[in-house]
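As structure tokens, the structure follows; a few thoughts come after it.
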Amino acid sequence: MDNTLFILLSFVLLFVIIVVFALLLIKKSDTISILTGTLNKLKTSFNDLDEQAKLIVKTDLELNRAQEELDKRIGGLESLQKISRLISTTLDEDEIFHRLDIALKSDLGFEKNLILIYDKEKRIRVRSEDGFSQDELRFIVSNLEKDSSLIAALGEGHTFSSVTSPAQRKELIVGLFNVEHFVISPVLTQNGIIGMMFVGNRSNALSITEGDEELISILANQIGQSLENARLFEQVFTSSQQLETKIQDRTKQLATALEEVQKISKTKTEFISAVSHELRTPLTSIKGYAAILMTGKLGAIPDEVKARLEKINTHSDNLVKLINDLLDISRIESGRAEMNYGKCNLLAMIENINDLLTPQMKEKNITWKTELAANIPEMFLDSSQIERVFINLVGNAVKFTPIDGTIQIKAELDAEKVTITVSDTGIGIKEEDILKLFDEFYRVENEINLNVKGTGLGLPLAKKIVEAHNGQLWVTSIVTEGTNFHFTLPTKKEDVIKKESLET
Amino acid sequence: MPTNIGIGFSQDRDVELAAQSAAFLSKSNLGTDKIDFTLVFSTVHYPSQQSLPVIRKVLNNTKLIGCSTAGVILSDSIQAHGIGVLTVSSDDIFFGTGSVNDIASQDPHQAASFLAKKSLSDFGQHNRGTFLFFIDGELKNNSSFLKGLQDIFGNVFPIVGAGSSDDFLFENSFQCFEDKSLNDSAVGTLIGGNCHVGVGTRHGWRPLGKPRIIDESEGNIIKRIDGQKAINLYESYLGQDAKELQHNKRGALAILYPLGIHVEGTKEYLLKNAIDILPDGSIVCQGDVPRGSEVHIMIGNKDSCKQAAVEAAQEAQNALLGKQPKLILIIESMARLKLLGRSAFAEINQIKEIFGHSVPIFGMYSNGEISPFQTIEKFKHPHLLNESIIVLGIA
């Protein structure tokens, strides 16, 4: 019985244990299931996060590339501005390349830089380089000279880079310049291609972008413009130098000619002076003997002879006057004239002239007018010489003014001088004659001059006298209306003396 | 006598004139004829076999080390062409220089030991501050070399270095020792004496996406990640653009999205640039990549780079324990120069804000940076890093 009960109880206990275990297993299974679910969720989240990370990387990569390009462009623009300023502030072609040598290396940041420019014989010359050996440069130049296809393509204004070049051209340039990445751009002027600019990198870490292509293209243009400016300046400078040389040569020629003229003029003056002196002595004798004969002391003289003697006397007087004028001119020209400067009342002198020439003016019923400034001071001059000037100018006015005409003398004062104008209402002087009016022995061809004798020395002498007083004499005229002779005289004594001392 | 620092720079087109000018300027800024140490950073446009004898002659044959760089970092600018010369004159700071040649053809561990011992023997009996060295940037595996240095200097001694770089061609870099221009070499100086040295290193990149495991690697080559060809990691994120990694080696993509290796016990990820992609889809890195490592694709931007520079400077400043530095040396990845572009100097300006504008700054852009990684135990173990900035302050 006890055994049966024990077995029964054992079965019950076993059953209970099995049930408990079963219940525990069921519970564990639920937990495992929950944990498995959580783990799966975590895995999914992790994978989702990883997918998000992939998106982040792609976005980051794009942003980095954009940033890199932006940085490069900003840096490029800064370099471009700096280099442009450097090369545009000189007009010396060698200096442009010297500055490029430094700037390309330090500012652009490419491993290799090269600027090739055609010389006058159309040969390619290396003008700026960095990063190339001499052998590499020789190889590049000789290949470019042999195969002109690249230069021809550049000549059309294209810029090539390792980013945009067709494969064949890229291969050619990469091989020629020994780089992986490059930009090559023509250096253009208004006359076409004058060279090319190359930049490149061998390192893959330093690749080229389209921004670089744009930058180098602009820089090559800038270099072209600077070179063109330098060359234009060189041309202008050379022309200017040539012109200056010509001017110097011509000035030398003129100086020599002037020296020659001065020598001749001096010889002429000396000749005239000598001849005049030699002529005056026998003339004085002729005039003296004629005068003695005319007195009749040597015997009665028939009227006819007397008339002839008077003619001899008159012509001798004319000749003496001519010789005296010539002597005066030569003295003034040579600086040997002795001026007797002294105080002089100009207005009184003009009145005297009026008195002196009144008979001749009356003959032609000429009206005499004066317009003399009241404040003209006492002058310092050689009054007898200035009187000769007045007599000459007023005498000419009387001579060329028709009947019932007018002669006016005007005197004006300004700060340092008096300007005197002798005007007439005469026949006037043609412009071509005005230019020669003060030449010695020149006489204007007109009806009056044909009938009235003259030496052609009056006006030159008057001019010389005025100039000896540090003044000027000139003429204005309108044909048929009249002529105005103007001359100036300094009011200050020192101005006259200064001129005098300069001449001597 | 106080410590004097002189920095000279020139970019004259003529190499000898540039060397002479930079050396004279440095000597002139130093203000004394006694020169204890010279550091030269030169871009590869200036052949060092011509420049170094001139510099040494001007500077009275002083101790000289240096290397080529993608750019010289100065207090007032960053120059992609030129020669920079730093001179130090001090009764407090001591320098012990050494060099080792033909590293690739000998055991790197032994080569490093040789360099360390040479520098130690030249240094004499002074307090050691740090070891600064420059090594050929094209040497792909430096782990054994770094171990060799540590075995001589000790595991807690800070070692800072840089791979010499060129103008992004990765073929022309050089190292400088005395008046010799070297390749396949390492040059270094032990710095110490009565001075404090503070080092800070950061990169500024952050992990993106789910972590993956490197299943198969061999030295510096990652063969398989998560059971697939290694390149699939990039392809899954970049799609067709991933091909650029093959066509444009060390180009923008490799710089923008480096691999980040998680190192146990560290706060930061170790950055590795994909410097090449093999035909079988393997990724070639600079420096060893251990099998089983957790790897991420990393993402960063200019702001995170600049922030990293600030953090590196702050870390260096903290390590100086309040001492005002006499000189700030910067070793920065050439990739960062390319990434930051026009704003590269803004980063230097931010470093100046931390140390003060009067502290002279001299630095270079490197192909690989070597520094104690930012670990819980600082200055424990130097790593070969990529895309990082090392700020070293000497007070």
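The values are calculated or read from the model by the stated rules, or taken from the named source; none is laboratory data. Note that the structure is a prediction, hence the values are computed from the model and not measured. A quick note on method: Cβ atoms are made from the backbone with ideal geometry, for glycine too, and the neighbour counts reach across all protein chains shown.
Within segment B:130-152, identify whether any single residue is in a helix (DSSP H, G or I), touching a residue at least 24 places away in the same chain (Cβ under 8 Å), out of contact with any Pro (no Cβ under 9 Å at 6 or more places or on another chain) and more than 24 Å from residue B:386 (Cα to Cα), and answer yes or no. Looking for residues that are in a helix (DSSP H, G or I), touching a residue at least 24 places away in the same chain (Cβ under 8 Å), out of contact with any Pro (no Cβ under 9 Å at 6 or more places or on another chain) and more than 24 Å from residue B:386 (Cα to Cα), one finds at least one in segment B:130-152, hence yes. Among the residues of segment B:157-180, write down those that are more than 30 Å from residue B:35 (Cβ to Cβ) and at pLDDT 80 or above. B:170, B:171, listed by residue number. For segment A:389-410, a residue qualifies if it is surrounded by fewer than 18 Cβ atoms within 10 Å (Cβ to Cβ) and within 49 Å of the chain's Cα centre (by Cα), and the qualifying residues are A:408, A:410. Among the residues here, residue B:54 does not qualify as touching a helix residue (DSSP H, G or I) at 6+ places or on another chain (Cβ under 6 Å), without any contact (Cβ under 8 Å) to a residue 60 or more places away in the chain and over 28 Å from residue B:170 (Cα atoms). Under the condition of being surrounded by fewer than 22 Cβ atoms within 10 Å (Cβ to Cβ), closer than 24 Å to residue B:107 by Cα and among the polar types (S, T, N, Q), the residues counted in segment B:163-203 number 3. Might you check whether a residue that is in contact with a Leu (Cβ under 6 Å, 6 or more places away or on another chain), of a type in the set (A, V, I, L, M), at pLDDT 85 or above and not assigned by TED's automatic domain parsing to the domain that holds residue A:179 occurs anywhere in segment A:51-58? Yes, some residue in segment A:51-58 is in contact with a Leu (Cβ under 6 Å, 6 or more places away or on another chain), of a type in the set (A, V, I, L, M), at pLDDT 85 or above and not assigned by TED's automatic domain parsing to the domain that holds residue A:179.
So is residue B:299 crowded, with 20+ Cβ neighbours inside 10 Å, within 30 Å of residue B:221 (Cβ to Cβ) and more than 20 Å from the chain's Cα centre (by Cα) or not? Yes. Every condition in (1) in contact with a Leu (Cβ under 6 Å, 6 or more places away or on another chain); (2) hydrophobic (A, V, I, L, M, F, W, C); (3) closer than 29 Å to residue B:71 by Cβ; (4) away from every other protein chain (no Cβ under 13 Å) holds for residue B:177 except the one numbered (1).
Residues of segment A:90-115 that are within 18 Å of residue A:225 (Cα to Cα) and either out of contact with any helix residue (DSSP H, G or I) (no Cβ under 9 Å at 6 or more places or on another chain) or assigned to a helix (DSSP H, G or I) (or both): A:93, A:94, A:95, A:96, A:97, A:98, A:99, A:100, A:101, A:103, A:104. Could you tell me whether any residue of segment B:227-248 is part of a strand (DSSP E or B), modelled with pLDDT of 90 or more and under 21 Å from the mean Cα position of the chain (by Cα)? Scanning segment B:227-248, I find no residue that is part of a strand (DSSP E or B), modelled with pLDDT of 90 or more and under 21 Å from the mean Cα position of the chain (by Cα), so the answer is no. Of all the residues in segment A:203-216, those that are more than 14 Å from every other protein chain (Cβ to nearest Cβ) and crowded, with 20+ Cβ neighbours inside 10 Å number 3. Taking the criterion of being within 9 Å of chain B (Cβ to nearest Cβ) and over 22 Å from residue B:299 (Cα atoms), the residues of segment A:55-103 that qualify are A:74, A:75, A:78, A:101, A:102. Looking only at segment B:309-350, residues that are within 14 Å of chain A (Cβ to nearest Cβ), more than 27 Å from residue B:87 (Cβ to Cβ) and surrounded by fewer than 24 Cβ atoms within 10 Å (Cβ to Cβ) come to 7 in all. With respect to the stated conditions, residue A:155 fails to be in contact (Cβ under 8 Å) with a residue 60 or more places away in the chain, touching a Pro at 6+ places or on another chain (Cβ under 9 Å) and away from every other protein chain (no Cβ under 14 Å). Residue A:200 fulfils the conditions (1) more than 18 Å from residue A:131 (Cβ to Cβ); (2) within 14 Å of another protein chain (Cβ to nearest Cβ); (3) in a strand (DSSP E or B) except for a single criterion, (1). Does residue B:292 qualify as being assigned by TED's automatic domain parsing to the domain that holds residue B:247, outside any helix (DSSP H, G or I), touching a helix residue (DSSP H, G or I) at 6+ places or on another chain (Cβ under 6 Å) and of a type in the set (Gly, Ala, Ser)? Criteria not met by residue B:292. Can you find even one residue in segment A:238-255 that is free of Cβ contacts under 8 Å to residues at least 40 places away in the same chain, assigned to a helix (DSSP H, G or I), closer than 26 Å to residue A:329 by Cβ and out of contact with any strand residue (DSSP E or B) (no Cβ under 6 Å at 6 or more places or on another chain)? Checking segment A:238-255: at least one residue is free of Cβ contacts under 8 Å to residues at least 40 places away in the same chain, assigned to a helix (DSSP H, G or I), closer than 26 Å to residue A:329 by Cβ and out of contact with any strand residue (DSSP E or B) (no Cβ under 6 Å at 6 or more places or on another chain).
With the requirement that a residue be more than 13 Å from every other protein chain (Cβ to nearest Cβ), surrounded by 18 or more Cβ atoms within 10 Å (Cβ to Cβ) and under 17 Å from residue B:298 (Cβ atoms), what does segment B:209-258 give you? B:214, B:222, B:225, B:230, B:231 - these are the residues of segment B:209-258 that are more than 13 Å from every other protein chain (Cβ to nearest Cβ), surrounded by 18 or more Cβ atoms within 10 Å (Cβ to Cβ) and under 17 Å from residue B:298 (Cβ atoms).
Here is a yes/no grid of residues against (1) surrounded by fewer than 23 Cβ atoms within 10 Å (Cβ to Cβ); (2) in contact with a strand residue (DSSP E or B) (Cβ under 7 Å, 6 or more places away or on another chain):
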| position | (1), (2) |
| --- | --- |
| B:8 | no, yes |
| B:14 | yes, no |
| B:23 | no, yes |
| B:48 | no, yes |
| B:53 | yes, no |
| B:63 | yes, yes |
| B:67 | no, yes |
| B:81 | yes, yes |
| B:91 | yes, no |
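Taking the listed residues B:167, B:91, B:102, the one that is within 14 Å of chain A (Cβ to nearest Cβ) and either outside any helix (DSSP H, G or I) or on the phi > 0 side of the Ramachandran plot (or both) is B:167, with no other qualifying. Is it the case, given these coordinates, that residue A:260 is more than 14 Å from chain B (Cβ to nearest Cβ), farther than 30 Å from residue A:172 by Cα and touching a helix residue (DSSP H, G or I) at 6+ places or on another chain (Cβ under 9 Å)? No; evaluated as a whole, the condition is false for this residue.
Any residue in segment A:176-196 that is part of a helix (DSSP H, G or I) and free of Cβ contacts under 8 Å to residues at least 60 places away in the same chain? Within segment A:176-196, one or more residues are part of a helix (DSSP H, G or I) and free of Cβ contacts under 8 Å to residues at least 60 places away in the same chain.
For residue B:206, the conditions (1) touching a helix residue (DSSP H, G or I) at 6+ places or on another chain (Cβ under 9 Å); (2) surrounded by 22 or more Cβ atoms within 10 Å (Cβ to Cβ); (3) within 26 Å of residue B:309 (Cα to Cα); (4) at pLDDT below 95 all hold with the exception of (2). Consider segment A:431-450 and keep the residues that are part of a loop (DSSP other than H, G, I, E, B) and loosely packed, with under 14 Cβ neighbours inside 10 Å. The one that is modelled with the highest pLDDT is A:439.
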